[in-house]
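Note sheet for the following structure.
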Amino acid sequence: MVSDTGADVYTWDLPSHFPEPLVPEDNPMSVAKVRLGRRLFYDTALSGNGTQSCASCHEQSLAFTDGKAFAEGSTGERHPRSSMSLTNVAYYSTLGWSNPLHRQLEQQIPTPMFGQDPVELGLAGQEKLLLDRLRATPLYGPLFEAAFGDAQDAFSVEAVVQALASFMRTMISSGSPYDRWVQGDRGDFSEEAERGLELFTSEKFECFHCHGGFNLADSVNHADTVFEEQIFHNTGLYNVDGAGAFPEPNVGLIEFTGQQADMGKFRAPSLRNVEVTAPYMHDGSIGTLNGVLAHYGVAGRTLIGGANAGVGSDNPWKSPFLVGFEMTEPEQEALIAFLHSLTDPDFLFREELSNPWPQDEF
Ligand code: HEC
Ligand code: HEC
């Protein structure tokens, strides 16, 4: 059993418009776990062949995405989907583009570590190798002991997962120009960005229905949540058979539920730091924010020619909030200015979230 030594409770320094993240009872936050998790997140010992760490696909300066349409695993296998930003990942009610089953970070983390379809870190069947490697790194002895007590089993896969989850719960982005403006400080939040926010929350553009709230995402769960919502939407990105199909294997929520109406449904990502997370969507199929706006403007893009050809706006499973809109150039520029105002340089360069290797100090 993994237990917390409890001496060094971790507390967040959150602005007033941010709720406290929820933490599972069996993995309370501690400074020691966060410190250990940061080392592990950046350690290539976490891949079977020693070539990749979590950070290989989740780079801090890109809000913990990788800039690619499709992630690539340690053995060179291409992931069918795009790496996700870890901005404020502590607040999502489900994790992954369309998986309703991963409700907590502790449940999601084994996927990149041990998953075989696709192979990411490639640790399936290599638990012993992983723990032997960690034991052989002098730095880890004291770190594991501080985080999980000096029991003989301080080194365990469960402890690795718990420490990684604790570290990721500190990936809070709350210092963008938009946030400072919410707190009453105009600062770098331009009047154009403010007009963009008005458009974003208008019934004409409808963005806020799915990207609303403090995290600019509707799938949230936190200490103040009354009804936890797990929400997935079809945004009319594809319609390959004229009957609403999305291209395999990225069919969305239906992959997990088998319900036809869940075809093409994905979780709306937070738009925080979206300026640096291109290319966009679960398969990186839209390269720019202007491209994303064009897709929403026609209520689902049309793809001409190729295997994925189809009229997205005719997708029968599309969300009713995808209504389409005409947009003037100043409106488009204002929306983009608002989206850019969600970039938080402190998050992208914060020391506590950066690669701590190779220094021996900790
Ligand atoms: C090969 C690249 C790759 C590696 C290595 C990788 N990830 Fe990911 N990560 C992804 C992709 C791709 C997704 C989206 C998965 C999906 O739902 O299809 C993702 C999703 C996630 C999510 C869900 C985020 C959200 O908003 O729901 C978390 C959390 C996460 N990864 C953490 C980690 C951790 C921790 C590690 C190291 C143990 C790791 N990842 C290693 C590519 C990678
Ligand atoms: C019906 C819900 C819904 C509405 C309305 C909506 N979105 Fe989205 N948005 C989503 C979903 C779901 C995704 C992910 C889709 C995917 O990957 O297939 C997404 C993706 C995005 C992305 C890409 C994010 C990334 O990291 O890849 C951007 C940018 C975005 N939306 C902006 C907007 C803007 C601006 C508006 C208003 C014009 C808007 N959205 C309206 C649900 C919505």
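The values are calculated or read from the model by the stated rules, or taken from the named source; none is laboratory data. Just so it is clear, the model here is predicted, and its values are computed rather than measured. Cβ atoms come from the backbone with ideal geometry, glycine included; neighbour counts cover every protein chain shown. With ligands, DNA and RNA removed, areas are computed over all heavy atoms of the protein, side chains included. Shrake-Rupley method; radii C 1.70, N 1.55, O 1.52, S 1.80 Å.
Can you tell me which residue among ALA146, ALA163 is surrounded by 15 or more Cβ atoms within 10 Å (Cβ to Cβ) and more than 28 Å from LEU62 (Cβ to Cβ)?
None of the other options fit; the residue is ALA146.
One residue alone among ALA217, ALA223, ALA163 is under 30 Å from TYR10 (Cβ atoms), assigned by TED's automatic domain parsing to the domain that holds LYS318 and in contact with a Leu (Cβ under 7 Å, 6 or more places away or on another chain), and that residue is ALA223. The set of residues in segment 263-291 that are of a type in the set (D, E, K, R) and open to solvent by 20 Å² or more (accessible area, probe 1.4 Å) comprises LYS265, GLU275. Restricting attention to segment 287-297 and to residues that are more than 7 Å from ligand 2 (Cβ to nearest atom) and not polar (S, T, N, Q), the residue that is farthest from the chain's Cα centre (by Cα) turns out to be GLY297. Contact map, segment 291-317: first residue without any contact (Cβ under 8 Å) to a residue 40 or more places away in the chain, second residue among the β-branched types (Val, Ile, Thr), Cβ cut-off under 6 Å, separation 6 or more or different chains; pairs are VAL292/ILE286; THR302/VAL311.
Scan segment 107-117 and give yes if some residue there is within 16 Å of ligand 2 (Cβ to nearest atom) and within 19 Å of the chain's Cα centre (by Cα), otherwise no. No, segment 107-117 has no match at all. Counting only helices (runs of 4 or more DSSP H) that sit completely within segment 271-362, those holding 1 or more residues that are in contact with a helix residue (DSSP H, G or I) (Cβ under 9 Å, 6 or more places away or on another chain) and under 15 Å from HIS233 (Cα atoms) correspond to 289-297.
In a residue-by-residue description of segment 232-247, the property of being free of Cβ contacts under 8 Å to residues at least 24 places away in the same chain, within 14 Å of ligand 1 (Cβ to nearest atom) and either within 22 Å of ARG301 (Cα to Cα) or outside any strand (DSSP E or B) (or both) applies to at least one position. All conditions but one from (1) in a loop (DSSP other than H, G, I, E, B); (2) open to solvent by less than 50 Å² (accessible area, probe 1.4 Å); (3) of a type outside the set (S, T, N, Q) apply to LYS68; the one that does not is (2). When segment 190-203 is limited to residues that are at pLDDT 95 or above and more than 14 Å from GLU333 (Cα to Cα), the one that is farthest from the chain's Cα centre (by Cα) turns out to be SER202. Output the residue which, of all residues in segment 208-262 that are hydrophobic (A, V, I, L, M, F, W, C), touching a strand residue (DSSP E or B) at 6+ places or on another chain (Cβ under 9 Å) and more than 16 Å from ligand 2 (Cβ to nearest atom), is most open to solvent (accessible area, probe 1.4 Å). Once the filter is applied, the top-ranked residue is ALA223. Just one residue in the set TYR238, TYR280 is more than 16 Å from the chain's Cα centre (by Cα), of a type in the set (Ser, Thr, Tyr) and modelled with pLDDT of 95 or more; that residue is TYR238. ASN215 passes every criterion in (1) of a type outside the set (A, V, I, L, M, F, W, C); (2) under 21 Å from ASP344 (Cβ atoms); (3) more than 16 Å from ligand 1 (Cβ to nearest atom); (4) touching a residue at least 60 places away in the same chain (Cβ under 8 Å) apart from (3).
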